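Taking it in order: structure first as structure tokens, then the write-up.
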Number of protein chains: 2
Amino acid sequence: MQRPGEFEIIRRFFSGQRVADVNTEIGIGDDCAVLNFTAAARLALTTDTLVAGIHFFSDTDPTRLGHKALAVNLSDLAAMGARPRWALLALTLPENDPEWIAAFAQGFFRLAERHRVQLIGGDTTRGPLAITVHALGTVDGRPGVKRAGAKPGDAIYLTGSIGLAGLGLRIRQGAYLVPDEEALDRLEAPQPRTDFGIRLGEFASAGIDVSDGLAADLGHILEQSSVGAEVDWESLPLSAGVGRYVADSGDWQMPLVAGDDYELCFTASPAYAQAIASAADATATPVRRIGTIRTGSGLIIRRRGRPVELSRSGYLHFVSGEARR
Amino acid sequence: MQRPGEFEIIRRFFSGQRVADVNTEIGIGDDCAVLNFTAAARLALTTDTLVAGIHFFSDTDPTRLGHKALAVNLSDLAAMGARPRWALLALTLPENDPEWIAAFAQGFFRLAERHRVQLIGGDTTRGPLAITVHALGTVDGRPGVKRAGAKPGDAIYLTGSIGLAGLGLRIRQGAYLVPDEEALDRLEAPQPRTDFGIRLGEFASAGIDVSDGLAADLGHILEQSSVGAEVDWESLPLSAGVGRYVADSGDWQMPLVAGDDYELCFTASPAYAQAIASAADATATPVRRIGTIRTGSGLIIRRRGRPVELSRSGYLHFVSGEARR
């Protein structure tokens with residue numbers, strides 16, 4: 001019998017509860033939960049853990065690690081269309097190294113201040129290095145942007161570019177030898193798309209952040225929206241370095257399956273093309289259309305005009321033999 | 001130079017932020033943070049991490065561990081006078097063992113259902129066994145019960161009894177040989193004082209849950225309230241087993257310094273004695289007066305009528321040589 005992966009674990013063991021609170025608008029299974037205290041004030045909540053040796057190299061610069069621990073949570077809030085407001089920090093440290101902690105706090109607070117996030121609590125414990133951040137934001141005036149909601153005919157958009165963190169990982173592992181600071185920056189200090197995310201509710205029919213790889217994360221939108229999609233490989237926004245890596249290695253799948261880019265993938269009716277361009281312009285966020293939602297199910301990737309098969313999808317905890325950063 | 005302990009870490013590195021959200025009523029430094037969306041709906045938030053080998057034995061029954069991971073967070077909400085409503089669960093697992101996870105989920109959900117807590121999100125990651133729960137509750141109609149607020153002349157109360165988890169730990173370590181199921185239950189499956197905690201705001205001037213030992217936790221109330229206190233050792237509520245342990249070992253300090261009991265310690269004006277007795281009665285919670293708040297600072301313990309000195313206070317992460325469960 002095959003052992004269940006993360007999504008199966010969640011489904012099998014943590015979806016059968018019998019409690020349903022009257023103020024819960026969105027529960028388990030999206031980028032954030034949403035509580036609706038009043039129609040004008042919805043609270044979006046998310047939590048993400050980074051474990052040394054699994055999600056990051058143990059010798060990662062602590063300033064970058066403090067940044068990333070908050071960034072991955074702000075990315076979930078952005079995907080929900082929420083404005084980040086508060087965070088709690090659960091920090092497990094193997095030893096008490098004041099310099100390390102000071103550097104970690106500097107990275108955490110620098111990002112927090114940039115997006116006006118207040119740290120309101122936490123827990124410091126001894127143990128193997130791991131960081132769990134819990135982030136809260138508000139969604140004003142409209143419901144949060146869910147994974148469900150994409151409709152046939154909707155355009156599929158992506159912010160920024162993908163494959164950079166995957167490239168950074170390969171460089172960090174010594175598996176690819178062309179230096180690329182931009183790729184290492186993406187891997188170790190990703191920038192959440194917070195400013196654009198706050199605008200997402202104006203036009204997006206569905207949205208997610210790209211943490212497990214575009215194919216896997218867009219796949220969640222398709223499943224939860226009961227639709228299919230077509231994406232042209234040539235439309236994928238790739239940095240010059242990622243383009244060179246693909247040309248050098250022939251590994252055209254990497255930008256679709258590598259995780260940790262923390263860009264936003266969302267769908268919208270074609271009627272919103274101008275509104276999306278305005279929001280992109282106002283927030284200085286590159287946004288590109290990469291495909292179209294179709295009826296049916298599953299993701300079709302076209303490369304050089306022909307459908308291609310992915311030999312691997314996004315990382316699944318416990319199932320893949322490939323260690324995750 | 002002495003290395004800083006947990007409280008010093010928090011103070012030094014995590015209190016200097018420059019962001020203050022307009023809806024933050026209580027930030028870092030209490031049992032919970034409190035956000036005030038409306039006067040009638042305040043949200044209390046807390047997070048606590050349990051790490052294998054530090055906070056619990058790695059072979060702990062997973063059903064009990066699932067219970068305890070939630071219980072320690074509900075205890076923080078109870079100390080704030082909040083009604084628990086929601087939880088998020090960040091679970092880091094070394095391997096994927098469906099039986100273990102099913103048992104963990106059973107323990108978590110059984111306690112969640114008892115107190116009407118809905119799990120609304122989480123994260124499952126691979127790594128050394130650790131559990132971070134984030135719990136949220138509401139405080140209706142009045143501000144949360146803080147650590148600050150105790151006044152000279154206030155009575156000091158304690159729910160239940162203390163020292164049981166400390167006794168359970170000694171039994172589990174083989175350091176004390178008299179079997180005591182009640183003590184092991186307290187250590188591995190503490191019951192948060194949720195029903196009584198919801199009433200706390202009716203009468204308490206200050207409150208805290210006893211997680212690091214009564215002397216340390218009452219010490220936080222005294223510091224943050226700028227007062228002192230006197231406690232009679234003979235008034236401490238001890239189980240028969242804890243009483244026997246003290247008699248056998250001569251270790252009278254254990255009930256004051258051992259952690260993990262998750263009882264509530266609170267202060268209240270003597271005028272509320274009847275209200276406290278009514279709340280205790282209505283929620284079937286043993287509550288006993290153990291001392292009095294005084295002017296000045298520091299905790300004076302009297303035993304057999306004479307002030308005694310504690311040779312150790314509650315556990316400090318990183319500082320104490322004594323491993324924590």
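Taken residue by residue, the stretch B:90-107 has no member that is in contact with a strand residue (DSSP E or B) (Cβ under 6 Å, 6 or more places away or on another chain), buried (at least 24 other Cβ atoms within 10 Å of the Cβ) and in a loop (DSSP other than H, G, I, E, B).
Taken residue by residue, the stretch B:270-290 has at least one member that is within 27 Å of residue B:74 (Cβ to Cβ), of a type in the set (S, T, N, Q) and touching a Lys or Arg at 6+ places or on another chain (Cβ under 7 Å). Scanning the stretch B:122-133 for any residue that is of a type in the set (A, V, I, L, M, F, W, C), over 18 Å from the mean Cα position of the chain (by Cα) and assigned to a helix (DSSP H, G or I) turns up nothing.
For the stretch A:67-79, indicate whether the set of residues that are touching a residue at least 60 places away in the same chain (Cβ under 8 Å), farther than 27 Å from residue A:26 by Cα, buried (at least 22 other Cβ atoms within 10 Å of the Cβ) and out of contact with any strand residue (DSSP E or B) (no Cβ under 6 Å at 6 or more places or on another chain) is non-empty.
yes
Annotation: of all residues in the stretch B:252-275 being closer than 27 Å to residue B:183 by Cβ and hydrophobic (A, V, I, L, M, F, W, C), the one that is surrounded by the fewest Cβ atoms within 10 Å (Cβ to Cβ) is B:252. Taken residue by residue, the stretch A:182-204 has no member that is buried (at least 16 other Cβ atoms within 10 Å of the Cβ), in contact with a strand residue (DSSP E or B) (Cβ under 8 Å, 6 or more places away or on another chain), more than 27 Å from residue A:140 (Cα to Cα) and not charged (D, E, K, R). Within the stretch A:242-265, is even one residue touching a residue at least 40 places away in the same chain (Cβ under 8 Å), of a type in the set (S, T, N, Q) and over 29 Å from residue A:56 (Cβ atoms)? No, every residue in the stretch A:242-265 fails to be touching a residue at least 40 places away in the same chain (Cβ under 8 Å), of a type in the set (S, T, N, Q) and over 29 Å from residue A:56 (Cβ atoms).
For the stretch B:207-235, the set of residues classified as farther than 28 Å from residue B:304 by Cβ and in contact with a Phe, Trp or Tyr (Cβ under 8 Å, 6 or more places away or on another chain) consists of B:207, B:209, B:211, listed by residue number.
Residues to consider are A:31, A:59; find the one that is closer than 28 Å to residue A:184 by Cβ, modelled with pLDDT under 95, within 18 Å of the chain's Cα centre (by Cα) and more than 8 Å from chain B (Cβ to nearest Cβ).
Matching residue, one of A:31, A:59: A:31.
Checked against (1) assigned to a strand (DSSP E or B); (2) within 21 Å of the chain's Cα centre (by Cα), residue B:64 passes all but a single condition, namely (1). Of all residues in the stretch A:39-52, exactly one satisfies the criterion of being within 7 Å of chain B (Cβ to nearest Cβ) and modelled with pLDDT under 95, namely A:41. As for the stretch B:94-113, it holds no residue that is within 8 Å of chain A (Cβ to nearest Cβ), closer than 30 Å to residue A:113 by Cα and at pLDDT 95 or above. Tell me whether the stretch A:148-165 contains one or more residues that are part of a loop (DSSP other than H, G, I, E, B), surrounded by fewer than 20 Cβ atoms within 10 Å (Cβ to Cβ) and out of contact with any strand residue (DSSP E or B) (no Cβ under 8 Å at 6 or more places or on another chain). The answer is no; no qualifying residue exists. Within the stretch A:1-20, residues that are more than 8 Å from every other protein chain (Cβ to nearest Cβ) and in a loop (DSSP other than H, G, I, E, B) have Cβ atoms under 7 Å from residues that are surrounded by 16 or more Cβ atoms within 10 Å (Cβ to Cβ) and at pLDDT 70 or above in these pairs: A:15/A:28, counting only partners at least 6 apart in sequence or on another chain.
Would you check if residue A:215 is out of contact with any Lys or Arg (no Cβ under 7 Å at 6 or more places or on another chain), buried (at least 19 other Cβ atoms within 10 Å of the Cβ), touching a residue at least 12 places away in the same chain (Cβ under 8 Å) and not assigned by TED's automatic domain parsing to the domain that holds residue A:115? In short, yes.
The values are calculated or read from the model by the stated rules, or taken from the named source; none is laboratory data. What you see is a predicted model, and the numbers here were worked out from it, not measured in a lab. No Cβ is skipped: glycine too gets one built from the backbone with ideal geometry, and neighbour counts run over all protein chains shown.
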